[in-house]
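K.L.:
Next up is a structure, given as structure tokens.
The values are calculated or read from the model by the stated rules, or taken from the named source; none is laboratory data. Remember, it's a predicted structure, so these values are computed and weren't measured experimentally. Cβ coordinates were reconstructed from backbone atoms using ideal geometry, including for glycine residues, and neighbour counts include every protein chain displayed.
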Amino acid sequence: MTEALPTPDAPLKIGTRGSPLALAQANETRDRLAEAFNLPHEAFQIVVIKTTGDKIIDRPLKEIGGKGLFTREIEADMLSGKIDIAVHSMKDMPTLQPEGLVLDTYLPREDPRDAFISPEFTAIAELPEGSTVGTSSLRRRAQLLVRRPDLNVVEFRGNLQTRLKKLDDGVARATFLARAGLNRLGMSDVPQHPIETSDMLPAIAQGAIGIERREDDMRVAEMLAAIHDPATADQLVAERAFLAALDGSCETPIAGLAVVTGDRLHLRGEVLRPDGSEAHSGERDGAVSDGPEMGRDLARELLDLGGPNFFDWIDNRV
Ligand SMILES: NCc1[nH]cc(CCC(=O)O)c1CC(=O)O
């Protein structure tokens, strides 16, 4: 290290949202840094920041709209020096960061699959005609309606615990959660059935944690390099190039996943209409180093398949 490491008197400040999952991710980041530099936990301070998305809990996310709903306040506090790094679920992150910030450190990716959650059923196909299912994700809603136009999809907001409570209360007969979140919270007792990615593609970057920093903070850059996972980066660079070329955000019905085997990368992607009336998918194979170009190229193919009006609704949603 060219500069002094953090100490209990001058801790490294880790910014995060306050949900149990966000805190688990911040703790994992702290533990990995503490281990890599042989530092006590007290050399790190976890700073909880409430974002616009956390404050507005009574309206569907797509109505509030706007990119960076869960990141704006955190990024402002990093630019002003209140925190040094921020820990994010990569699937919630816009593809562009504010001037002065970079987001290029990734922890090893968790299971990218979605899980089907139901106390009664083990798969989507088992749901009786017209069943009510809950999700706040436009992607999952669209993917469900493509398969099962008969389903009644209701809005399911709130953190993981809130959603499971709604299921218990009978508000819906099934819901969907990322396996990564359940695993990171150690919630193995939830009635869950993984959905293979060949059946339903996850959100771009699902299961990956990213750490954002100030561009000019060289001490932090050096520290983060020690916990960075290059294999996860290879996948995310391809997936996020695909997303960026579609001009999408977490709340647009876009799905995709890159799988790396040796020096080869396989990328699959899908775009959908929110009501499930239309979906287009495609794939690319190539060298890992061509990931970004494969992402952009696949996006172009799907934009062509969708036609000029396919993404129009996005502009009207805010
Ligand atoms: N948009 C919500 C969100 N953002 C990140 C995760 C956890 C999974 C992950 O790290 O990708 C979740 C919950 C979910 O989709 O079930």
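K.L.:
When the stretch 82-103 is examined, which residues are found to be among the acidic types (Asp, Glu) and buried (at least 16 other Cβ atoms within 10 Å of the Cβ)?
P.N.:
Selection gives 84, 92.
K.L.:
I've got another one for you. Do we have residue 29 as at pLDDT below 95, buried (at least 17 other Cβ atoms within 10 Å of the Cβ) and under 28 Å from residue 136 (Cα atoms) here?
P.N.:
It is false that residue 29 is at pLDDT below 95, buried (at least 17 other Cβ atoms within 10 Å of the Cβ) and under 28 Å from residue 136 (Cα atoms).
K.L.:
When the residues of the stretch 90-116 are narrowed to those that are within 16 Å of the ligand (Cβ to nearest atom), of a type in the set (A, V, I, L, M, F, W, C) and in a loop (DSSP other than H, G, I, E, B), which ends up nearest to the chain's Cα centre (by Cα)?
P.N.:
The selected residue is 93.
K.L.:
Would it be correct to say that residue 7 is farther than 19 Å from residue 180 by Cβ, modelled with pLDDT under 95 and hydroxyl-bearing (Ser, Thr, Tyr)?
P.N.:
No; evaluated as a whole, the condition is false for this residue.
K.L.:
Does residue 270 fit the bill of being under 25 Å from residue 309 (Cα atoms) and within 16 Å of the ligand (Cβ to nearest atom)?
P.N.:
It is false that residue 270 is under 25 Å from residue 309 (Cα atoms) and within 16 Å of the ligand (Cβ to nearest atom).
K.L.:
While we're on this one: Name the residue that is nearest to the chain's Cα centre (by Cα), counting only residues in the stretch 10-31 that are more than 16 Å from the ligand (Cβ to nearest atom) and closer than 23 Å to residue 182 by Cα. Can you show your working first?
P.N.:
We begin by selecting, within the stretch 10-31, every residue more than 16 Å from the ligand (Cβ to nearest atom); these are 10-15, 30-31.
Next, from what is left, pick out any that are closer than 23 Å to residue 182 by Cα: 14-15, 30-31.
Values: 14: 19, 15: 17, 30: 20, 31: 21 Å.
Out of the qualifying residues, it is 15.
K.L.:
Within the stretch 99-151, track down each residue that is of a type in the set (D, E, K, R) and more than 30 Å from residue 30 (Cα to Cα).
P.N.:
Across the stretch 99-151, the qualifying residues are 120, 126, 129, 139, 140, 141, 147, 148, 150.
K.L.:
Of the conditions (1) buried (at least 24 other Cβ atoms within 10 Å of the Cβ); (2) modelled with pLDDT of 95 or more; (3) closer than 22 Å to residue 286 by Cα, residue 270 fails just one. Which one is it?
P.N.:
(1)
K.L.:
Quick check on my filter: what residues within the stretch 145-168 are over 27 Å from residue 20 (Cα atoms) and not polar (S, T, N, Q)?
P.N.:
Listed by number, the residues that qualify are 145, 146, 147, 148, 149, 150, 151.
K.L.:
In the stretch 168-200, which residues are under 15 Å from residue 153 (Cα atoms) and more than 13 Å from the ligand (Cβ to nearest atom)? Break it down stepwise before answering.
P.N.:
Initial filter on the stretch 168-200 (under 15 Å from residue 153 (Cα atoms)): 170-177.
Scanning the stretch 168-200 gives 170, 171, 172, 173, 174.
K.L.:
Quick one: how many residues across the stretch 201-241 are within 16 Å of the ligand (Cβ to nearest atom) and buried (at least 22 other Cβ atoms within 10 Å of the Cβ)?
P.N.:
Here the count works out to 17.
K.L.:
Ok, one more. Can you confirm whether the stretch 36-48 contains a residue that is in contact with a Gly (Cβ under 8 Å, 6 or more places away or on another chain), within 16 Å of the ligand (Cβ to nearest atom) and either under 22 Å from residue 159 (Cβ atoms) or at pLDDT 95 or above (or both)?
P.N.:
Checked the stretch 36-48: no residue is in contact with a Gly (Cβ under 8 Å, 6 or more places away or on another chain), within 16 Å of the ligand (Cβ to nearest atom) and either under 22 Å from residue 159 (Cβ atoms) or at pLDDT 95 or above (or both).
K.L.:
Specify the residue that is modelled with the highest pLDDT; the eligible residues are those in the stretch 157-194 that are of a type in the set (Val, Ile, Thr) and touching a helix residue (DSSP H, G or I) at 6+ places or on another chain (Cβ under 8 Å).
P.N.:
Our first condition is that a residue be of a type in the set (Val, Ile, Thr); within the stretch 157-194, this holds for 162, 171, 175, 190.
Filter once more, keeping what is touching a helix residue (DSSP H, G or I) at 6+ places or on another chain (Cβ under 8 Å): 175, 190.
Details: 175: 96, 190: 90.
Result: 175.
K.L.:
Could you tell me which numbered condition residue 82 fails, if it satisfies all but one of (1) under 19 Å from residue 29 (Cα atoms); (2) of a type outside the set (A, V, I, L, M); (3) outside any loop (DSSP other than H, G, I, E, B); (4) more than 15 Å from the ligand (Cβ to nearest atom)?
P.N.:
Among (1) under 19 Å from residue 29 (Cα atoms); (2) of a type outside the set (A, V, I, L, M); (3) outside any loop (DSSP other than H, G, I, E, B); (4) more than 15 Å from the ligand (Cβ to nearest atom), residue 82 violates only (3).
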